[in-house]
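Below you'll find the structure, written out as structure tokens, and then a few comments.
Nothing in this text is a laboratory measurement; each read-out follows from the coordinates by a stated rule. Nothing here was measured: the structure is a model prediction, and the numbers come from that model. We place every Cβ from the backbone using ideal geometry, glycine too, and count neighbours over all the protein chains shown.
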Amino acid sequence: MKNIGILLALALALALAAAFAALAVAAQEQRITSSWTVATVSGQGQPRGYVEYQKYCSACHGEGVGRPGTLALQAKYKGAEPALLEKRTDLTPELVKTFVRNGVSIMPFFRKTEISDTDLDAIAAYLTRNNKR
Amino acid sequence: MRLPPGVSGKDFSEALRQFEETVGKEWVFSSDEDVNLYRDSYSPFWHEEEEPVSSAAVAPDGVEQVQKILQIANAYKIPLWTISTGKNLAYGGSAPLLSGSVVLDLKRMDRILEVNEANAYALVEPGVSYFDLYRYIQDKGLRLWIDPPDPGWGSLIGNSLERGGGRTPMRDHFAAHCGMEVVLANGEIMRTGMGALPGSKTWQQYRYGFGPYVDGMFSQSNFGVVTKMGFWLLPEPEAYRDGTVMVQKHDDLVPFVEILSYLMNSEIVQGTMLLESPLLDYRASQGGGVLDMPGGPSIAEMERLGKDKNLAYWSATLHFYGPAKVVDAQWEYTREKFSSIPGAAFQKGRSYRFPLKLGEGEDAPRVALGIPNLSIFGMLQSTQGHMDFSPIIPMTGEAVFESLKVFGQAYADLGVPAKNQFFALPWSFFPRSFVLLFGFPLDHDVEKNRKTREVFKHLVQVAAEHGWGEYRTHTAFMGAVSDVYSYNTHALRRFHETLKDALDPNGILSPGKSGIWPGRMRQASA
């Protein structure tokens, strides 16, 4: 857990440094209220679907404390697969779409007014970017 | 294709065509695949014929489209069911109560119309979630807090109209609202409170306007479609701290709750607390129930066990918000008051200053700090969702004892074993009272779900017999719950029906919501 905390803090520090560089913020303290609920995320330099994934999925499936999707997958796979969906290398677009539109266990299904087909395509692209097949 | 009850195939096709003309083909959903997305993910009727499902859904992007949709619905007598973000899980989700209704999905109406930092309020549309408003406030660097419910993905409007609650001092969501805009069944737009004065400068600052205060009529009801709502927000406090108070004896609960009540009503202790029992939790972990079962251990036996295992009988973590000096003084004063109970013990909790720094508060009670998240789902025991039984009981130790006994007996009568006795000790989600939240787990198992529904219905009756009513309920039980609010031959429901007949003569708005049926459907449901 400690390592994840350090990695997360580091990753966020880097991301924020990049974001604020453009605003040329001076020496004053930066307002960051939480490291776990996403404020508006920049897609700059990120793969397709990254922004949509952060917006619609990361609250449950992201990294860090209190992510019930990640916790559930940890309990399910016990390390056989990465609990973090973003790290999976075996997902297919069909699988991603099936879970989003059908739900599983306590994950509900999502309507098109919540996650449009276009957004879902992007999320699927993001989650399958590491699938070499 | 499923049809709304009482509507011919020809009329329905024509209505759908007109809906498509209004919102665009893309935003009318009538295929099986699309309509399935409007089921209740946590339905207690999964796999059963009885599961209410919609016939279609239509998603407008603004008030003008809402007006047109209502006009069409009136013309063809199409029952609608309005949802905001559609995340009312455990209470019916995005599914209608009346099977065949067309869901009016307001998620696309997601504009944040105003956030005023100096006067600490916001004006939003129904599709705005707690996450959305939080992100907006963070992006703009405003020193304001929202008050999210445990799951942050719901709608401010939807949740407050259901009279849901959160954890900060602004926890009573309906009470925190100020001003509404409503589209009535006849398509007219009405603004309440100060909004009824054109060009009003205080719509989100003074609640009541002039004359009868009608806002409550649109909560948990089907008298109109709310399209805008104002909310008072908490200015970001300087500090937060919490601390835990523990008492050792069973009967200590009485003075404990008396003192708690005094402190809460004086706004010294703020926000939502949960009454806990380390001792009863221990008993539950050993296979015994939490409830007072006939033939269970005596108080003396339990107290001996508590002494043995060094477990307090009752405890609560209390929250304080405000300037650092003030919250420190409030905690000191709280300790002083509770020290009048012999054996009372205290544990200093967490403290934070705001704004938090990066990485700080990873393990903080985020909802209590106004930070929306979904971590609550990591704490649920169920496999396929749950539904909540939520009676209100008085804020007294005696009422807690009575509830433990009454529900213990109820489960015994139903033959429910200890491990399946879903119960919760009280929360203070709302001022001046306690609420019990029993989360009944659901499965995709027809027999199990049927049994759970029977238990639920029985508990509704048992609670009513003891003067306890639910503050909110699942669409499956709205009739049963509204039935117990029967004072003077159901005078309140008859009043609702009078209003319903006047405001929605064609019965197009959310039939059956809170037990209120339009005239033309009333005989059929009796």
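For this structure, a couple of remarks:
- Highest to lowest packing among A:44-50, B:170-176, scored as the average C-beta count within 10 Å: B:170-176, A:44-50
- Relative to the Cα centre, the charge distribution of segment B:255-409, modelled as +1 at Lys and Arg Cβ and -1 at Asp and Glu Cβ, gives a dipole magnitude of about 380 debye.
- When the charge dipole of chain B is built from unit charges on Cβ atoms (+1 for Lys and Arg, -1 for Asp and Glu) and taken about the Cα centre, the candidate among B:Val214, B:Asn186, B:Ile299 whose Cα reaches farthest toward its positive end is B:Val214.
- Sequence-distant aspartates and glutamates (8 or more away, or on other chains) whose Cα lies within less than 18 Å of B:Lys348: B:Asp242, B:Glu276, B:Asp328, B:Glu332, B:Glu336, B:Asp363
- Cβ-placed point charges (K, R +1; D, E -1), dipole of segment B:483-525 about Cα centre in debye, nearest 20: 40
- Among the listed pairs B:Lys309/B:Lys457; A:Lys112/B:Lys140; A:Lys55/B:Lys457; A:Lys76/B:Lys25, those beyond 30 Å (Cα-Cα): B:Lys309/B:Lys457; A:Lys55/B:Lys457; A:Lys76/B:Lys25
- Which of B:Ser266, B:Ser351 has the fewest Cβ neighbours within 10 Å, and the rest in rising order: B:Ser266, B:Ser351
- Only aspartates and glutamates eight or more places from B:Lys87 in sequence, or on another chain, were considered; those with a Cα closer than 18 Å are A:Glu114, B:Asp34, B:Asp40, B:Glu51, B:Asp105, B:Asp110, B:Glu125, B:Asp132, B:Asp147, B:Asp150, B:Glu162, B:Asp388.
- Helix-derived mean residue ellipticity, 222 nm - over chain B, DSSP H n ≥ 4, -39500 (n - 2.57), to 500: -10000 deg cm²/dmol
- Once C-alpha pairs closer than 8 Å and six or more residues apart are averaged by separation and normalised to the residue number of chain B, the relative contact order reads 17 percent.
- In this Cβ point-charge picture (+1 for Lys and Arg, -1 for Asp and Glu), segment B:189-324 has a dipole of about 580 debye about its Cα centre.
- Going from the fewest other Cβ atoms within 10 Å to the most, the residues B:Asp215, B:Asp281, B:Asp139 appear in the order B:Asp139, B:Asp281, B:Asp215.
- The protein assembly as shown: C-alpha gyration tensor shape, a/c 1.5 cut-off, then a/b vs b/c: rounded
- Label-point separation, B:Val254 to B:Met1 (7 Å along Cα→Cβ), nm: 6.7
- Cut-off 13 Å, label 7 Å out along Cα→Cβ of B:Ala345, residues of segment B:271-301 by amide N: B:278-279
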